[in-house]
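Step one of this worksheet: look at the structure below.
The values are calculated or read from the model by the stated rules, or taken from the named source; none is laboratory data. Keep in mind that this is a model prediction, so the values were computed, not measured. So basically every Cβ, Gly included, is an ideal-geometry build from the backbone, and we count neighbours across all protein chains shown.
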Amino acid sequence: MGNKKGIIFAGALMGILSVALVKFGNPLNMGLCIACFLRDIAGGVGLHRAEVVQYIRPEVIGLVIGALGMAMFSREFDAKGGSSPFTRFFLGMVVMIGALVFLGCPLRMVLRLAGGDLNAIFGIAGFVAGILLGIAFLNKGFSLKRSYRLSAAEGYLFPAVMVAAFVLLIASPSFIFFSKEGPGSMHAPVMMALAVGLVCGALSQKTRLCMVGGIRDVVMFKDTYLISGFLSILVFATIGNMAFGFFNLGFEGQPVAHTDAFWNFMGMLLAGWGSVLLGGCPLRQLILAGEGSTDSAVAVMGMLMGAAFAHNFGLASSPKGPTPNGKISVIILLATVLVIAFMNIQKSSVSEKKGDAKIG
């Protein structure tokens, strides 16, 4: 699948499967959402107390294990890590908080638009703006420094945690929380959700699907390979929504969404900027974690903690709109990311780029 036809096929299948998950129980416009599903998992294991968003989502588990399986099959599994771990953990929190102010990750942003939710347009604009900010710092030499080869056991640990989470879901011990109402109570059958996650994880690993990478590559290299996958998701999810009667064009009355255009923009501005500095969107971080990257596993753990903070401290938005705490947090975190971006500019990288340019 190393060509554009392959990633278009992968996007088409993911778009259709996302709508199928809604048909069989997932919330509207939320067939697949990395931010929402990690938030639900955080609630399911008791990291936050928002009773309406607590459930261990099999889709996330499937994405990681599917990526692991494809990476092993393709001989691309590579255990590595050690690149600015706490900065990555913090940036994972940042991305999650920005996404929960908007109410969705980049993947759900596309699925919301595919369902007719025009509020997603402001999220997309903010996301692109955040990526452009990130690109500006990449061009100045931003880097979280190199990763190092680790033992295979390190790379298998995060997928093993996902398997343990699935065991908890099936066993349903008393210390695991399940929403009785709200989005957390709405879910497709467990084995179907797991199977969709496995397929989408394998496809995403093989095609390198990443919305951040797609926009970055268009801007920096005029390369449309990655973005074509998300355009395919948009087209086929729209067709699926229309076929099932889920399509509802407009701003008002959209499921798990609010109409505050400015904070939709700002939330995804924060998420986009943080994702560029991490090297990929939340979906890509899960896939890389499945491939053996402990750097991405640390970022995902940061996202889980970010979800806990967002709900325990009133930062996450609701269909009524963003909260005062959420607005303040976005401003503070944008300033903090700016500091992180400046502090991690590597002067040697800039010098090397200038030297390379002279040699070329």
Discussion item. Exactly one condition in (1) more than 23 Å from SER296 (Cβ to Cβ); (2) out of contact with any Pro (no Cβ under 8 Å at 6 or more places or on another chain) is false for PHE24; which is it?
Written reply: (2)
Discussion item. Can you tell me how many residues within region 306-323 are aliphatic (A, V, I, L, M) and either surrounded by fewer than 18 Cβ atoms within 10 Å (Cβ to Cβ) or assigned to a loop (DSSP other than H, G, I, E, B) (or both)?
Written reply: 2
Worksheet item: Counting only residues that are within 15 Å of the chain's Cα centre (by Cα) and of a type in the set (D, E, K, R), which one in region 2-45 is surrounded by the most Cβ atoms within 10 Å (Cβ to Cβ)?
Response: ARG39
Worksheet item: Are any residues in region 209-257 touching a Pro at 6+ places or on another chain (Cβ under 7 Å) and more than 15 Å from VAL128 (Cα to Cα), and if so, which ones?
Response: PRO255, VAL256, ALA257
Item to complete: Please work out which one of (1) more than 22 Å from MET14 (Cβ to Cβ); (2) in contact (Cβ under 8 Å) with a residue 40 or more places away in the chain is the condition HIS187 fails and give its number.
Response: (1)
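Return a yes/no flag: does region 201-214 have any residue that is more than 19 Å from the chain's Cα centre (by Cα), closer than 26 Å to GLY279 by Cα and surrounded by fewer than 24 Cβ atoms within 10 Å (Cβ to Cβ). Quick ask: steps written out before the conclusion?
Restricting attention to region 201-214, the residues satisfying the condition of being more than 19 Å from the chain's Cα centre (by Cα) are none.
Looking for residues that are more than 19 Å from the chain's Cα centre (by Cα), closer than 26 Å to GLY279 by Cα and surrounded by fewer than 24 Cβ atoms within 10 Å (Cβ to Cβ), one finds none in region 201-214, hence no.
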Worksheet entry | In region 177-200, the residues that are crowded, with 18+ Cβ neighbours inside 10 Å and of a type in the set (Phe, Trp, Tyr) | PHE177
Worksheet item: Within region 125-153, can you find the residues that are closer than 30 Å to GLY250 by Cβ and surrounded by 22 or more Cβ atoms within 10 Å (Cβ to Cβ)?
Response: GLY126, PHE127, GLY130, ILE131
Fill in: Of all residues making up region 134-157, the number that are under 22 Å from the mean Cα position of the chain (by Cα) and more than 17 Å from THR87 (Cβ to Cβ)
5
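Scan region 93-106 and give yes if some residue there is surrounded by 24 or more Cβ atoms within 10 Å (Cβ to Cβ) and over 30 Å from MET343 (Cβ atoms), otherwise no. It would help to see each step written out before you state the result.
First, pick out the residues of region 93-106 that are surrounded by 24 or more Cβ atoms within 10 Å (Cβ to Cβ): 94-106.
Narrowing further to those that are over 30 Å from MET343 (Cβ atoms): 103.
Among the residues of region 93-106, at least one is surrounded by 24 or more Cβ atoms within 10 Å (Cβ to Cβ) and over 30 Å from MET343 (Cβ atoms), which makes the answer yes.
Among the residues that make up region 28-43, is at least one of them at pLDDT 95 or above, polar (S, T, N, Q) and closer than 24 Å to GLY182 by Cα? Show your work before the answer.
Going through region 28-43, the residues at pLDDT 95 or above turn out to be 28-43.
Filter once more, keeping what is polar (S, T, N, Q): 29.
Cutting the leftovers down to closer than 24 Å to GLY182 by Cα gives us 29.
Looking for residues that are at pLDDT 95 or above, polar (S, T, N, Q) and closer than 24 Å to GLY182 by Cα, one finds at least one in region 28-43, hence yes.
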Response to the item:
Picking from LEU283, LEU270, LEU304, the residue that is farther than 24 Å from ARG57 by Cα and either modelled with pLDDT of 95 or more or not β-branched (Val, Ile, Thr) (or both) would be LEU270
Discussion item. What's the total number of residues in region 244-278 that are of a type in the set (Gly, Ala, Ser) and without any contact (Cβ under 8 Å) to a residue 40 or more places away in the chain?
Written reply: 2
Practice prompt. Exactly one condition in (1) on the phi < 0 side of the Ramachandran plot; (2) touching a helix residue (DSSP H, G or I) at 6+ places or on another chain (Cβ under 9 Å) is not met by GLY25; state its number.
Written response: (1)
Discussion item. Looking at (1) within 22 Å of the chain's Cα centre (by Cα); (2) within 18 Å of GLY104 (Cα to Cα), which one does PHE251 not meet, given that it meets all the others?
Written reply: (1)
Worksheet item: Of (1) in a loop (DSSP other than H, G, I, E, B); (2) aliphatic (A, V, I, L, M); (3) modelled with pLDDT of 95 or more; (4) farther than 13 Å from MET186 by Cα, ALA10 satisfies all except one. Which?
Response: (1)
Discussion item. Would you confirm, using the coordinates I've provided, whether SER172 is hydroxyl-bearing (Ser, Thr, Tyr) and over 25 Å from TYR55 (Cα atoms)?
Written reply: no
Worksheet item: Can you name every residue in region 324-355 that is at pLDDT 95 or above and not in a helix (DSSP H, G or I)?
Response: ASN344, ILE345
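Within region 154-176, identify whether any single residue is of a type outside the set (Val, Ile, Thr), farther than 23 Å from LEU304 by Cα, buried (at least 17 other Cβ atoms within 10 Å of the Cβ) and in contact with a helix residue (DSSP H, G or I) (Cβ under 8 Å, 6 or more places away or on another chain), and answer yes or no.
Narrowing region 154-176 to residues of a type outside the set (Val, Ile, Thr): 154-160, 162, 164-166, 168-169, 171-175.
Still in the list and also farther than 23 Å from LEU304 by Cα: none.
Among the residues of region 154-176, not one is of a type outside the set (Val, Ile, Thr), farther than 23 Å from LEU304 by Cα, buried (at least 17 other Cβ atoms within 10 Å of the Cβ) and in contact with a helix residue (DSSP H, G or I) (Cβ under 8 Å, 6 or more places away or on another chain), which makes the answer no.
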Practice prompt. Can you confirm whether region 245-267 contains a residue that is touching a Gly at 6+ places or on another chain (Cβ under 6 Å), of a type outside the set (D, E, K, R), assigned to a helix (DSSP H, G or I) and at pLDDT below 95?
Written response: no
